[in-house]
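Participant: One structure, pasted below without further comment.
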Amino acid sequence: MIPLWKVLRELNRIKDKTLALPRTLASLPWRLGEPRRREVYLRDFEKLTRRSFGAVPAGERIAVLLIFEPKGVAESVFLTLDWLRSEGYAPFVVSNAPVSDRDRERLLEGAWSLLERPNFGYDFGGYQDAIRLINRDGLSPDRLVVVNDSVWCPLRRDLLSVLETAWPDADIVGLLQDEKVQHDTSGGTPTKKSHIESYFYLIRGSAWRHAAFQEFWRTYQMSDYKPNTIKFGEIGFSRRMMAAGLKMEAYSRRSIFLEQLAEKDDAFLARTLHYAAYGDRDIARRAARFARLPTSSPGWRAAALDHIRRAVNRRRFTGSFPYANDQIFGTAFLKKSSEAVYLNMRRAYLRAVEDGQIAAPDPVLLTEIRAATPM
């Protein structure tokens, strides 16, 4: 007898695929033409891109900062550049959109190199171009930071020091490890599949010099089809590096979050729920019931922990519970995404900052976060 939850799961999967079918079919001609577009892009790379060199000399530490700022480069980008330089990194800015003369001048004042390229291949396309050019320049960095502007980062200026100290033997360190979940009626069962999310990597020389790392970036097929970029880029990179024996670690992960949370007192759990953010109606409705109950209610603690577990098995804990994430790990970054859960996350984060429960970030970042977060 097949369990009901498995039947429902398969029906939902069929429904999702059916709803996505028109979009998938509509994109088919574009995807079929992609190998030719990629060939032309690589053939005409020098004509289609613009590379400039700035005031910062290249060294043993290089940081690839990928940006997509078609309306003008945000002040937070220049703040990130300042931070990377202060940590001893020579920034290589890769822009997936043209930049104005004024922005170009400002970027080059704080960077080693600037590459302006078409937005082909999303972030991984820009990463690949930068790594190819670093190799072409004959450089072999002892440290390589790769970061993109889909997040505000860093929200803590000691981030690189923390990563270096906490995981001295890791070849690659990221900010968040995505641990896959098998969804079921229990709220989800963790699996052994995982990858490092691609908006930030700290890559040591041991990884840069590894044959598997170089082969990945030499053979990666950049794509404008987002599912392929995620599957073969973000997920594929982590899986191939781990398969090659490289050690990958992450600043934060869901399993540790839940372990640490279970050790906190009821008052902490109540604050976690008070500064929570949800993108799913059923989870939000369940949370609303907790708001009406005192922590002294019978079974409250067990139910609260189960509710949080179910929520983070479906959505990133960094997005759902910004207060608890800050207290357990320290807020290292915030997503700029306009998805409901991330808008709600930033609202909850800002409320916690205003209430003095989370330390305020740099004023430049705080201004941008507020501007991007209608209350």
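The values are calculated or read from the model by the stated rules, or taken from the named source; none is laboratory data. From a predicted model like this one, the values you see are computed outputs, not experimental measurements. Glycine gets a Cβ as well: all are built from the backbone with ideal geometry, and neighbour counts include every protein chain shown.
Participant: Write out, first by first residue and then by second, each pair whose Cβ atoms fall under 7 Å of each other, whose residues are 6+ apart or on separate chains, and whose first residue, in region 160-182, is closer than 23 Å to GLY319 by Cα while the second is buried (at least 16 other Cβ atoms within 10 Å of the Cβ) and among the β-branched types (Val, Ile, Thr).
Facilitator: So the pair list comes out as LEU163/VAL173; GLY174/ILE196; LEU176/THR318; GLN177/ILE196.
This table checks each residue for (1) touching a His at 6+ places or on another chain (Cβ under 9 Å); (2) of a type outside the set (Val, Ile, Thr); (3) part of a helix (DSSP H, G or I).
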| position | (1), (2), (3) |
| --- | --- |
| LEU42 | no, yes, yes |
| SER52 | no, yes, no |
| VAL64 | no, no, no |
| VAL77 | no, no, yes |
| ASP82 | no, yes, yes |
| GLU105 | no, yes, yes |
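Participant: Further question on the same structure: Restricting attention to region 314-328, which residues are part of a helix (DSSP H, G or I) and surrounded by 19 or more Cβ atoms within 10 Å (Cβ to Cβ)?
Facilitator: Hits for region 314-328 are PHE317, THR318, GLY319, SER320, PRO322, TYR323, ALA324, ASN325, ASP326, GLN327, ILE328.
Participant: Something else now. Residue check: is TYR201 under 13 Å from the mean Cα position of the chain (by Cα) and either in contact (Cβ under 8 Å) with a residue 24 or more places away in the chain or under 14 Å from ARG239 (Cα atoms) (or both)?
Facilitator: Against the criterion (under 13 Å from the mean Cα position of the chain (by Cα) and either in contact (Cβ under 8 Å) with a residue 24 or more places away in the chain or under 14 Å from ARG239 (Cα atoms) (or both)), TYR201 qualifies.
Participant: Are any residues in region 156-189 in contact with a strand residue (DSSP E or B) (Cβ under 8 Å, 6 or more places away or on another chain) and at positive phi, and if so, which ones?
Facilitator: The answer is GLY188, and nothing else.
Participant: Given the conditions (1) under 28 Å from TYR122 (Cα atoms); (2) in contact (Cβ under 8 Å) with a residue 40 or more places away in the chain; (3) among the aromatic types (Phe, Trp, Tyr), and given that PHE216 satisfies all but one, which numbered condition is not satisfied?
Facilitator: (2)
Participant: Let me ask something additional. Hey, which of the helices (runs of 4 or more DSSP H) in region 246-313, taking only ones fully inside, have at least 1 residues that are closer than 30 Å to ALA207 by Cα and out of contact with any Gly (no Cβ under 8 Å at 6 or more places or on another chain)?
Facilitator: Values: elements: 254-261, 266-274, 281-291.
The qualifying helices (runs of 4 or more DSSP H) are 254-261.
Participant: Could you check region 269-286 and list, in sequence order, the residues that are of a type in the set (A, V, I, L, M, F, W, C) and within 10 Å of SER320 (Cβ to Cβ)?
Facilitator: The answer is ALA276, ALA277, ILE283.
Participant: Quick check on this structure: which one of SER206, SER186 is part of a helix (DSSP H, G or I), assigned by TED's automatic domain parsing to the domain that holds ASP123 and farther than 23 Å from ASN96 by Cβ?
Facilitator: The conditions single out SER206.
Participant: Restricted to region 309-361, and to residues that are touching a strand residue (DSSP E or B) at 6+ places or on another chain (Cβ under 9 Å) and of a type in the set (D, E, K, R), which residue is modelled with the lowest pLDDT?
Facilitator: Step by step, filter region 309-361, then rank; the result is ARG314.
Participant: Suppose we filter LEU176, LEU115, LEU133 for residues that are under 25 Å from SER100 (Cβ atoms) and part of a strand (DSSP E or B); which single one remains?
Facilitator: Step by step, each of LEU176, LEU115, LEU133 is checked, and only LEU115 is under 25 Å from SER100 (Cβ atoms) and part of a strand (DSSP E or B).
Participant: Scan region 87-105 for residues that are over 18 Å from ARG117 (Cα atoms) and surrounded by 13 or more Cβ atoms within 10 Å (Cβ to Cβ) and report the count.
Facilitator: Residues meeting the conditions: 3.
Participant: Still on this structure: With the structure loaded, tell me whether PHE68 is closer than 15 Å to ASN148 by Cβ, touching a helix residue (DSSP H, G or I) at 6+ places or on another chain (Cβ under 6 Å) and aromatic (Phe, Trp, Tyr) or whether it fails that test. Walk me through how you get there before you give the answer.
Facilitator: Details: closer than 15 Å to ASN148 by Cβ: yes; touching a helix residue (DSSP H, G or I) at 6+ places or on another chain (Cβ under 6 Å): no; aromatic (Phe, Trp, Tyr): yes.
When the stated conditions are applied, PHE68 does not pass them.
Participant: Does SER296 satisfy the criteria of being surrounded by fewer than 20 Cβ atoms within 10 Å (Cβ to Cβ), of a type in the set (S, T, N, Q), out of contact with any Asp or Glu (no Cβ under 6 Å at 6 or more places or on another chain) and within 22 Å of SER198 (Cα to Cα)?
Facilitator: Spelling it out, it is not the case that SER296 is surrounded by fewer than 20 Cβ atoms within 10 Å (Cβ to Cβ), of a type in the set (S, T, N, Q), out of contact with any Asp or Glu (no Cβ under 6 Å at 6 or more places or on another chain) and within 22 Å of SER198 (Cα to Cα).
Participant: Given the structure, is GLY245 at positive phi and modelled with pLDDT of 95 or more?
Facilitator: Working: at positive phi: yes; modelled with pLDDT of 95 or more: yes.
When the stated conditions are applied, GLY245 passes them.
Participant: Could you list, in sequence order, all residues of region 39-86 that are among the hydroxyl-bearing types (Ser, Thr, Tyr), surrounded by fewer than 17 Cβ atoms within 10 Å (Cβ to Cβ) and more than 16 Å from GLY126 (Cα to Cα)?
Facilitator: The one that is among the hydroxyl-bearing types (Ser, Thr, Tyr), surrounded by fewer than 17 Cβ atoms within 10 Å (Cβ to Cβ) and more than 16 Å from GLY126 (Cα to Cα): SER86.
Participant: Quick test for you: out of ASP169, ASP224, ASP266, pick the one residue that is surrounded by fewer than 22 Cβ atoms within 10 Å (Cβ to Cβ) and farther than 27 Å from ALA63 by Cβ.
Facilitator: ASP266
Participant: Report the residue count in region 86-103 for those that are outside any loop (DSSP other than H, G, I, E, B) and among the aromatic types (Phe, Trp, Tyr).
Facilitator: Within region 86-103, the subset outside any loop (DSSP other than H, G, I, E, B) is 86, 90-95, 101-103.
Those still in the list that are among the aromatic types (Phe, Trp, Tyr) too: 92.
Of the residues in that region, 1 qualify.
Participant: Report the residue count in region 142-158 for those that are outside any strand (DSSP E or B) and surrounded by fewer than 21 Cβ atoms within 10 Å (Cβ to Cβ).
Facilitator: 5
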